[in-house]
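The values are calculated or read from the model by the stated rules, or taken from the named source; none is laboratory data. What you see is a predicted model; the values in this text were computed from it and never measured. Ideal geometry is used to build each Cβ from the backbone, glycine not excepted, and the neighbour counts take in all protein chains shown.
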């Protein structure tokens, strides 16, 4: 068991350098150049060359990759090409916002979707089941910029309950925070509830057809006990996986939502950096996203392993 | 006295995609007195399990109870409301399922699963329920119940799980038990002790039981009355003796004829037509070791074969028997080259065989063919029979399209299927027909050696008999060597020229079928033979305890030096058997046994 866990962690960690290669290569082939972005299209060639040298951009690609990787490994994220600020500081400012948005959304969305999935599975075929599965299907297909915009139109423009833009000014106090986060959280919740609820429902339905559940029924166990005690543990591994994937999505894939609501998170930082061709920032953001993604998936794998008695107690 | 259970005019329907609701049980009525055991027998599709479940007021998803009554004393399970029905289950009627491995919840401890019904239905304190569960386990000869109940299902052997399921069913002290093929999934050697435990339990608790099975021999050991079912209708009903010795209906007589016979009788039924006494060697295995997982010569991960020596003569039928896990199927996989042995040698007609199928020449591949147990998983469900049979022809032979069609027709005729089956899809065939196509596909390659791995195990007895007849006829007509692997000794005995008995990855006894069946030398062979249930009431009661262990484990266990059978052997010599590898001896010419005893079983009888 310990060995298995260690193996999983090791493979997880090994993916990080592999990802770094992809990230670096990806940013290399990105069209455009920071120097022309900074100096403008008409800059003199001499100036361009000088700045390129200053920024080490004249070194060969493999060399720059190795340098970058080693400084990354030692915790040095480098400096922004645009502002000259330390990237660590920049990210330090933004990351808490993203984590807060993701965390609050997770707290709202995970329980709702698991309960929805449970109820839908317990009443498979009922009007409730059909309603949730129809609604989740709609949300699953509707892109979040649409959902976000609709919510803004409804709550901010028509009803004027909530601000359309999250952080026009620095929020003061709990109420302000709450008001500024409600719409982004709501938008994201709508986006992630659908896959989690649907997976919970289908995993549970599969579990409910197993002979073990038939046995529990024939033992005269009450319905709630059968679903929660007997079926849920069988259905747990796929549910854990889909929750982890969606949490990872919350951290990494919120670009559109952050842009729509002008939310000062990591994704916004990334988008701005791409706009100014600030490659080190792009790379650092991408690496942090990848790391979060790997970490969450790894956690899901480990949880699924630990949740399986066959793994915990081999024969 | 009014009956405990009265089912009257029960009708159940099942949903068939495309056909809608079709009748499964067509108006069955039966009665069960207190303390009585009624056996429901029939082949698959007879509706026996459906009736068993309906006796609990339950229909599987895809089935529905249309009409009828299921009275427990005077309460109708079908007309009462769901909550009342739920309260009857476990408390008044309890269920024992076919596969305990599937029916226990893998993610919950056994203790919880055994105690939850009494805690819930009888409001028994958890501690008391636990004590009760432990004492039931003791009644069922389960070792160390205190420890056992803290385990998860996967940590316990199949035979033990089946007993635990019985202990679970008895938790609330029900008046009626429904046993649904409770020993079908376990080995014969384990089955004997499990049956004995069930029988004692039922007798001592004065429980009534409905025993559902396809196995006449098993039912004749437990049932007071037998009801024969076919296609959802009662064919015949009567006291067990009467059904067994004086069957009236033609179908019952057919069932009796096809039922498992004692292995020795089965040998006799084979007749005396023997091939030449010493045919040339077709296939030879010399000291073959094979393992799953990464196998290094020193410490293979999961050793399965530990030095198998076997010789198969040209045109000979060699039967391979043994419990699940003993390495039978692995042997077949190794011969075909699907699993590379890490030690030892294979020879085909004297020439060495490459260990892996990919390294064999196409013509060598052609000469060895495998027929598997489950044609369902071996066939592409989208291919017609014509394509299924055409592939090997195309692969091995250079035939024109016309010749190929001609050959497919020949093959279908060979396995006695109509020529228009060419256009059928696998799902349009019955189980027996699928197995015929499976056989025809292997024969398409015109092999020298045919490996049949449990080819009849998924089939009903009557269908099995027909497939065996066909196999026998083809084998003698085409003069192919046949390796016939089965856990069913009677089937093998009725069919094979020679028998190899496997235990924990070795051939422990090998010889002519008549000799091995008539006078087994190895104690394991004896155990195996004596465990085969006879269609004879009282057989079980008259049987001495055969197996010293209640675990039954033919798998290779770790740290094995001596004879693997020692823990279960009634003749084990302390200090010798567990320590030293048994010598290979030949009590008579043409016979080989691995045992420390000089003349073992033969002399002790």
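When A:200, A:189, A:182, A:206 are checked against the criterion of being away from chain B (no Cβ under 14 Å), modelled with pLDDT of 90 or more and on the phi < 0 side of the Ramachandran plot, a single residue qualifies: A:200. Residues of segment B:113-129 that are more than 10 Å from chain A (Cβ to nearest Cβ), at negative phi and without any contact (Cβ under 8 Å) to a residue 24 or more places away in the chain: B:119, B:124, B:125, B:126, B:127, B:128. Taking the stated definitions as given, is residue A:194 at pLDDT below 90 and over 25 Å from residue A:89 (Cβ atoms)? Yes.
Can you pull out the helices (runs of 4 or more DSSP H) entirely within segment A:227-315 that have at least 1 residues that are touching a residue at least 12 places away in the same chain (Cβ under 8 Å) and away from chain B (no Cβ under 14 Å)? Give the derivation first.
Values: elements: A:232-252, A:255-260, A:266-275, A:279-307, A:309-312.
Where helices (runs of 4 or more DSSP H) fall fully within segment A:227-315 and carry at least 1 residues being touching a residue at least 12 places away in the same chain (Cβ under 8 Å) and away from chain B (no Cβ under 14 Å), they are A:232-252, A:255-260, A:266-275, A:279-307.
One residue stands out among those in segment B:74-112 that are assigned to a strand (DSSP E or B) and free of Cβ contacts under 8 Å to residues at least 24 places away in the same chain: the one that is surrounded by the most Cβ atoms within 10 Å (Cβ to Cβ), which is B:76. Among the residues of segment A:131-151, are any free of Cβ contacts under 8 Å to residues at least 24 places away in the same chain, more than 27 Å from residue A:245 (Cβ to Cβ) and exposed (fewer than 15 other Cβ atoms within 10 Å of the Cβ)? Looking through segment A:131-151, none of the residues is free of Cβ contacts under 8 Å to residues at least 24 places away in the same chain, more than 27 Å from residue A:245 (Cβ to Cβ) and exposed (fewer than 15 other Cβ atoms within 10 Å of the Cβ). If I ask for residues that are over 26 Å from the mean Cα position of the chain (by Cα), in a helix (DSSP H, G or I) and over 22 Å from residue A:15 (Cα atoms), which ones from segment A:52-100 would you list? If the condition is that a residue be over 26 Å from the mean Cα position of the chain (by Cα), in a helix (DSSP H, G or I) and over 22 Å from residue A:15 (Cα atoms), then A:52, A:53, A:54 are the ones that fit. Of the residues making up segment B:131-159, those that are over 21 Å from residue B:204 (Cβ atoms), at pLDDT below 90 and outside any loop (DSSP other than H, G, I, E, B) are B:154, B:155, B:158. Against the numbered list (1) out of contact with any helix residue (DSSP H, G or I) (no Cβ under 7 Å at 6 or more places or on another chain); (2) within 25 Å of residue B:434 (Cβ to Cβ); (3) modelled with pLDDT of 90 or more, residue B:524 comes up short only at (2). Among the residues that make up segment B:131-138, is at least one of them in contact with a helix residue (DSSP H, G or I) (Cβ under 7 Å, 6 or more places away or on another chain), more than 22 Å from residue B:51 (Cβ to Cβ) and within 10 Å of chain A (Cβ to nearest Cβ)? Within segment B:131-138 (the criterion being in contact with a helix residue (DSSP H, G or I) (Cβ under 7 Å, 6 or more places away or on another chain), more than 22 Å from residue B:51 (Cβ to Cβ) and within 10 Å of chain A (Cβ to nearest Cβ)), the answer is no, since none of the residues qualifies.
Looking across segment B:349-369, just one residue is surrounded by 18 or more Cβ atoms within 10 Å (Cβ to Cβ) and over 17 Å from residue B:285 (Cα atoms), and that is B:366.
Residue A:2 falls short of the stated requirement of being surrounded by fewer than 12 Cβ atoms within 10 Å (Cβ to Cβ), under 13 Å from residue A:279 (Cα atoms), over 21 Å from the mean Cα position of the chain (by Cα) and at pLDDT below 85.
Here is a yes/no grid of residues against (1) farther than 20 Å from residue B:479 by Cα; (2) under 30 Å from the mean Cα position of the chain (by Cα); (3) outside the structural domain of residue B:286 (by TED's automatic domain parsing):
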| residue | (1), (2), (3) |
| --- | --- |
| B:318 | no, yes, no |
| B:321 | yes, yes, no |
| B:325 | yes, yes, no |
| B:332 | no, yes, no |
| B:335 | no, yes, no |
| B:357 | yes, yes, no |
| B:361 | yes, no, no |
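Take the conditions in a helix (DSSP H, G or I) and either closer than 25 Å to residue B:92 by Cα or free of Cβ contacts under 8 Å to residues at least 12 places away in the same chain (or both) and apply them to residue B:210. Does it pass? Answer is no for this residue. Hey, does segment A:210-226 have a residue that's within 14 Å of chain B (Cβ to nearest Cβ) and at positive phi? Yes: one or more hits. For segment B:509-522, the tally of residues that are assigned to a loop (DSSP other than H, G, I, E, B) and buried (at least 23 other Cβ atoms within 10 Å of the Cβ) stands at 3.
This table checks each residue for (1) surrounded by 21 or more Cβ atoms within 10 Å (Cβ to Cβ); (2) under 27 Å from the mean Cα position of the chain (by Cα).
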{"site": "B:412", "(1), (2)": "yes, no"}
{"site": "B:419", "(1), (2)": "no, no"}
{"site": "B:422", "(1), (2)": "no, no"}
{"site": "B:429", "(1), (2)": "no, yes"}
{"site": "B:444", "(1), (2)": "yes, no"}
{"site": "B:447", "(1), (2)": "yes, no"}
{"site": "B:452", "(1), (2)": "yes, yes"}
{"site": "B:458", "(1), (2)": "no, yes"}
{"site": "B:462", "(1), (2)": "no, yes"}
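For segment B:102-112, enumerate the residues that are facing another protein chain (nearest Cβ under 9 Å) and closer than 19 Å to residue A:311 by Cα.
Scanning segment B:102-112 gives B:102, B:104, B:105, B:106, B:107, B:108, B:109.
When residue B:345 is tested against (1) surrounded by fewer than 16 Cβ atoms within 10 Å (Cβ to Cβ); (2) in a loop (DSSP other than H, G, I, E, B); (3) touching a residue at least 12 places away in the same chain (Cβ under 8 Å), only condition (2) is not met.
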